[in-house]
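Asks: The structure that follows is given in the form of structure tokens.
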Amino acid sequence: MVNWAWCKFLYGVKIKKGDTVSIISGKDRGKSGKVLKVFPLDGKILVEGVFLKKKRQRPKKSGQKGETVSIASRIDSSNAMIVCKHCKRGVRAGFIMSGDKKLRVCKKCKNEI
């Protein structure tokens, strides 16, 4: 039996910080956003405006009211696809070697992501 969490740890996450991703499963399916942070050891990503959780904050000063704040939570990287700039849709990422550089490319149009 394959431990997929261990495979993500070995091979890394193809999604990088700053990428635009589209959510393909879960309660926020169909939404897209920018990746704020990547957690490669867990295989999770943090996307702005996606999978928001409400957190109740206590008042910091006397006389101030407590408030409810929406905070983005981590999602599994397998629930997101990179959005290609050329195709304008969620695609799988591949790799090619260009000289001594390793480039991420779109599997559909073969352009660099």
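The values are calculated or read from the model by the stated rules, or taken from the named source; none is laboratory data. Quick caveat, the model's predicted, so the values are computed rather than measured. For neighbour counting, all protein chains shown are included, and Cβ atoms are generated from backbone atoms with ideal geometry for every residue, glycine included. For accessibility, only protein heavy atoms count, side chains too; no ligands or nucleic acids. Shrake-Rupley method; radii C 1.70, N 1.55, O 1.52, S 1.80 Å.
Asks: Above 25 angstrom, tally the Cα pairs of the chain and express them as a % of all pairs, no decimals.
Replies: Summing the P(r) of the chain above 25 Å gives 34 percent of all pairs.
Asks: Magnitude of the Cβ-charge dipole of the chain, K/R +1 and D/E -1, about the Cα centre, nearest 20 debye?
Replies: 400 debye
Asks: Would you mind getting the accessible area per residue of the chain, heavy atoms of the protein chains only, 1.4 Å probe, in Å²?
Replies: Numbers: 8390 Å² over 113 residues.
Here the per-residue accessible area is 74 Å².
Asks: Here's another thing I want to ask about it. Which value in deg cm²/dmol, rounded to the nearest 500, describes the helix-derived mean residue ellipticity at 222 nm for the chain, given -39,500 (n - 2.57) per DSSP H run of n ≥ 4 and division by the residue count?
Replies: Calculated at 222 nm, the ellipticity per residue is -2000 deg cm²/dmol.
Asks: Also: Any idea which of Gly99, Val50, Ser25 is furthest toward the positive side of the dipole for the chain, if Lys and Arg beta-carbons carry +1 and Asp and Glu beta-carbons -1?
Replies: Of the options given, the answer is Val50.
Asks: Please compare each pair in Lys31/Lys85; Lys37/Lys65; Lys37/Lys107 to a cut-off of 19 Å on the Cα-Cα distance and tell me which ones are over it.
Replies: Lys37/Lys65; Lys37/Lys107
Asks: Further question on the same structure: Quick check: at a probe of 1.4 Å, how many percent of the accessible area of the chain sits on carbon and sulfur atoms?
Replies: Accessible surface attributable to carbon and sulfur in the chain totals 52 percent.
Asks: Can you tally the net charge around Phe95? Count Lys and Arg as +1, Asp and Glu as -1, for every other residue whose Cβ sits under 9 Å from the Cβ of Phe95.
Replies: Overall, the nearby charge balance is +3.
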